[in-house]
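Take a look at the structure below.
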Amino acid sequence: MTQSVLDNLTLGYQPLWNQLRQLAGVQLFIGSGSASPVDASHLLSVLQETWPEQAPPLLLSIQTHQLLSDVITHADQNSPWVEVRGDTLSDPAMAQRVHAAHQRGLKMIWRGEPGERPNSTQASCFARNMVMLTAEEALSGLRASLIKHNGTAALSATPLKSPVVSGHIYEAVASRALVEHCLDDQGAWAAAGWPSEDVLHGYRHRLIQPDHRAVVKLIEATMADDSMESIEHTLAEEPVLVYRFLRYVNSAALGLPSGIDSLRHGLMVLGYSKLKAWLLEQLPHTSSDLNLRPIRVAMVMRARLMEHLLDAGAEDALRRDVYLCGLLSQIDLFLGEPLGMALQRLPLSPRIGAAILAESGPYLPFLQVAAALESPQLRHVGILCKAHQISGEEVNRALLRTLSTVQTNPARGRLFA
């Protein structure tokens, strides 16, 4: 029964980012993958079994009315959070279900169209609101932020009030300045999605450096004589550092064997002492820009998902190769140069180049499906699964495993905060 539940669904996801630019939660888009009805009780059971307590909150954004109604009817205080669109509350039966679910302790998130807010009667049933600002509201928020940060608020007879309210979730925030206003100035609970394009636009004339926290964690790991496996795992979570490391271990000046195409091989050949020395050289040039972290984590999430999509019986070397394919598939965003030019500098396996640059080869299905899952547009996921003959259940299980294990741990703190 559990098997058929995930086989009859199509999933997608979107991270929710908090003020620290860490995962506040994960929005899971759920659509019907077939004409067969979905047992809501079994779906909730599967999600509760899959989602550990230490994982960030899971928010279900169910795209079919019947399944949403059934989930709200059966869910309780231990279930994942459930999104309820404001327009569905015009149905008295749905409004009654929502009220009953609230009485049972189910945490629900109200979500509306741009500019909409729940009325006072509706608001009492919801733990939080997911809000999309209108163009006028976004402009007002930016003006309020500008006045605050320029220190001109005291000069204004009537200080401009921001439309951004503390505790809400704000979605589709398109600018860096506005997301900073929401999270840092106004205390929004989270941003749904991230204005990656605008954040990266601010670096169009600057080189993006490796994350400071990641380099510190690696230096601490070498000082503590952590296992190479643990160090590899930490290194693999910093895309820019991965790219630079592979270039470093393949540089002629280092005199190492040529053609090192994996992190594990490079770490084993380099050794602890040379690795630590190289990391210390990187440290003064690292970046502490919090706004880059969601972009880095999203790249890691794609790579982990590709790794989980691979057949469970695959050998470790193949898993590392598939992971590297996912991680480097967007590395051009950080390097500021064409992807083909960047990848030509690395002695990668032909399978990685084929998937990323030529859209061919054995890794392509995993890359395409992983990228498609990063969206609420679920129809494309189903088309790709069918085209590549990948089981929908396998894809959904891989996605849930990935999302439930994503972590953004801080450094131990022995060096620098």
Taking segment 193-231, which residues are assigned to a helix (DSSP H, G or I), touching a residue at least 60 places away in the same chain (Cβ under 8 Å) and acidic (D, E)? E220
Counting just the residues of segment 189-198 that are out of contact with any His (no Cβ under 7 Å at 6 or more places or on another chain) and crowded, with 19+ Cβ neighbours inside 10 Å, which one comes out farthest from V26 (Cα to Cα)? P195
Might you check whether a residue that is modelled with pLDDT under 95 and either in the same structural domain as M306 (by TED's automatic domain parsing) or charged (D, E, K, R) (or both) occurs anywhere in segment 364-374? no
Report whether or not L235 is under 23 Å from A298 (Cα atoms), within 21 Å of the chain's Cα centre (by Cα) and modelled with pLDDT of 95 or more. yes
Among the numbered criteria (1) without any contact (Cβ under 8 Å) to a residue 24 or more places away in the chain; (2) not in a helix (DSSP H, G or I), which one does V165 miss? (1)
Residue among S140, S79, S145, S120 that is polar (S, T, N, Q) and touching a residue at least 40 places away in the same chain (Cβ under 8 Å): S145
Where a residue in segment 324-349 is more than 23 Å from P195 (Cβ to Cβ) and its partner, wherever it lies, is among the acidic types (D, E) and part of a loop (DSSP other than H, G, I, E, B), with Cβ under 6 Å and at least six apart: P347/D261; L348/D261; S349/D261
Inside segment 93-120, can you point out the residues that are under 22 Å from V71 (Cβ atoms) and assigned to a helix (DSSP H, G or I)? A93, M94, A95, Q96, R97, V98, H99, A100, A101, H102, Q103, R104
Which members of segment 234-259 meet the condition of being in contact (Cβ under 8 Å) with a residue 12 or more places away in the chain and in a loop (DSSP other than H, G, I, E, B)? A236, E237, E238, N250, L256, P257, S258, G259
Scanning segment 32-57 for residues that are part of a loop (DSSP other than H, G, I, E, B) and small (G, A, S), the one modelled with the highest pLDDT turns out to be A55
Please give the number of the condition F126 fails out of (1) assigned to a loop (DSSP other than H, G, I, E, B); (2) in contact with a Leu (Cβ under 7 Å, 6 or more places away or on another chain). (2)
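With L283, L309, L327 as the choices, which residue is of a type outside the set (S, T, N, Q), within 20 Å of H212 (Cα to Cα) and either buried (at least 20 other Cβ atoms within 10 Å of the Cβ) or out of contact with any helix residue (DSSP H, G or I) (no Cβ under 9 Å at 6 or more places or on another chain) (or both)? Give the derivation first.
Details: L283 fails: either buried (at least 20 other Cβ atoms within 10 Å of the Cβ) or out of contact with any helix residue (DSSP H, G or I) (no Cβ under 9 Å at 6 or more places or on another chain) (or both); L309 fails: within 20 Å of H212 (Cα to Cα).
Criteria check complete, one pass: L327.
The values are calculated or read from the model by the stated rules, or taken from the named source; none is laboratory data. Since this is a predicted model, take the numbers as computed values, not measurements. A quick note on method: Cβ atoms are made from the backbone with ideal geometry, for glycine too, and the neighbour counts reach across all protein chains shown.
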